[in-house]
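The values are calculated or read from the model by the stated rules, or taken from the named source; none is laboratory data. Just so we're clear, the structure is a prediction, and the values are computed from it rather than from any experiment. Methodologically, a virtual Cβ is constructed for each residue, glycine included, from the backbone with ideal geometry; neighbour enumeration extends over all protein chains shown. For accessibility, only protein heavy atoms count, side chains too; no ligands or nucleic acids. Shrake-Rupley method; radii C 1.70, N 1.55, O 1.52, S 1.80 Å.
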Amino acid sequence: MTNQLPIRVLLADDHPVVREGLAALLNRRLDTTVIGEVANGQEAVDFFRRTQPDVTLMDLRMPIMGGVEAIHAIRAEFPAARIIVLTTYDGDEDIYRALQAGAQGYLLKDAPREELLAAVRAVHDGQKCIPSALAAKLAERVFSPELTAREREVLALIVAGHSNREIGAALVISEGTVKAHVNSVLGKLGVNDRTQAVTAALRRGLVRLD
C-alpha cells in the first residue's frame, strides 16, 4: 500500500456535516484522500470534469441536480467513472435507477465505516458493491411489473391525495380511464387499495413527498 497512490475521492452531498464526517474518515486512511466536496449534482459533474477523481460518493437527493441525473451526466462523458451512491433512501426503485444510471455501488449512510471503506476500495478496483439486503430489494424490483409513464403520473396524484375526478381533470382523461389506470397500478404494486398504494409507492421510492 505504501507504494500506491491514495484513492482520490469526490464527495457529493448537500449536507455539510455529512461531507465533513466522510472527509475526516477518508483522510485518516493512508489509501484514500478527499480531493473535493460539492453540494449538488451539477457541481459534482463540473468538478468531475475538471479533476476526474478515482471514486465519487454521491448522494441521491440534492438541489439543482439530483444524484441519478449527475451519474447519467458523468458516465455519458466518462464511461469508466466509478461512483458509489451513499444515501438514506433504500427503496428498490432508488437502487434500480441509480444502478441503471451507472453507479457501481449503493450504500446507506448508516453503514459501518469499515463497510464504506471496503466499498471505496472495491469499486476502485472495478468491482460492484451492493449489500445483500439491498440486492434482494433490487431483485424484487427487476422482477416486478413495470409501471407505464401514465401509471406513474396517476400514482403520483394518488399519493398527493387527489380523487379520480381530480386526476382525470389534471391529466385530461376520463374518470373511466383513470379508474382503469388505478386498478392497473394496484395490481402491479400488489396492493388492495389506494392507501396501500401510497404506502408502497413511498416505501419503494416510486414517488417522493418533496
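For the reader, a short list of remarks on this structure follows.
- Listed by chain and number, the lysines whose C-alpha is less than 27 Å from the C-alpha of K128, apart from same-chain residues fewer than 8 away, are K109, K137.
- Surrounding net charge for Q104, when Lys and Arg each add one and Asp and Glu each subtract one, Cβ distance under 14 Å: +2
- Cα-based Rg of the range 107-162 normalised by 2.2 N^0.38 Å, two decimals: 1.67
- Student exercise, the range 23-103 dipole from Lys, Arg, Asp, Glu Cβ charges, in Debye to nearest 20: 280
- Per-q log10 I(q)/I(0), the range 1-45, q = 0.18, 0.20, 0.33 Å⁻¹ (Debye; single scatterer per alpha-carbon; no solvent): -0.52, -0.61, -1.14
- The fraction of Cα-Cα pairs per 10 angstrom bin, counted from 0 for the range 104-210, comes to 13, 36, 23, 17, 9, 1 percent, rounded to whole percents.
- In the assembled protein chains, T51 presents an accessible area of approximately 40 Å² (probe radius 1.4 Å).
- Max mean-square fluctuation residue, GNM over the chain, Cα-Cα springs under 10 Å, options I158, I74, I83: I158
- Under a model in which nothing but the beta-carbon of Lys, Arg (+1) and Asp, Glu (-1) is charged, the range 41-170 shows a dipole of about 160 debye around its Cα centre.
- Restricting the range 87-159 to GluC sites (Glu not before Pro) that sit in a DSSP loop and have at most 15 other Cβ atoms within 10 Å of their own Cβ leaves E146.
- Compactness of the chain, taken as the C-alpha radius of gyration over 2.2 N^0.38 Å, stands at 1.17.
- The residues neighbouring E114, those whose beta-carbon lies less than 12 Å from its own, together hold a net charge of +2 under the Lys/Arg +1, Asp/Glu -1 convention.
- Annotation note: chymotrypsin sites (Phe, Trp or Tyr not before Pro) in the range 56-162 located in DSSP loop regions with a Cβ neighbour count of at most 15 within 10 Å are F143.
- Most mobile of A24, A119, A81 in a GNM of the chain (Cα contacts under 10 Å): A24
- Highest-fluctuation residue, D94, D13, D31 considered, GNM on the chain with Cα pairs under 10 Å: D31
- If you take the Cα centroid of the range 1-61 and the Cα centroid of the range 100-170, the two points sit 22 Å apart.
- 1.4 Å probe accessible area per residue over the range 153-204, in Å²: 53
- Taking the C-alpha atoms of the range 73-126, convex hull volume expressed per residue in Å³: 71
- Three-way shape label, the range 62-166, alpha-carbon gyration tensor, a/c 1.5: prolate
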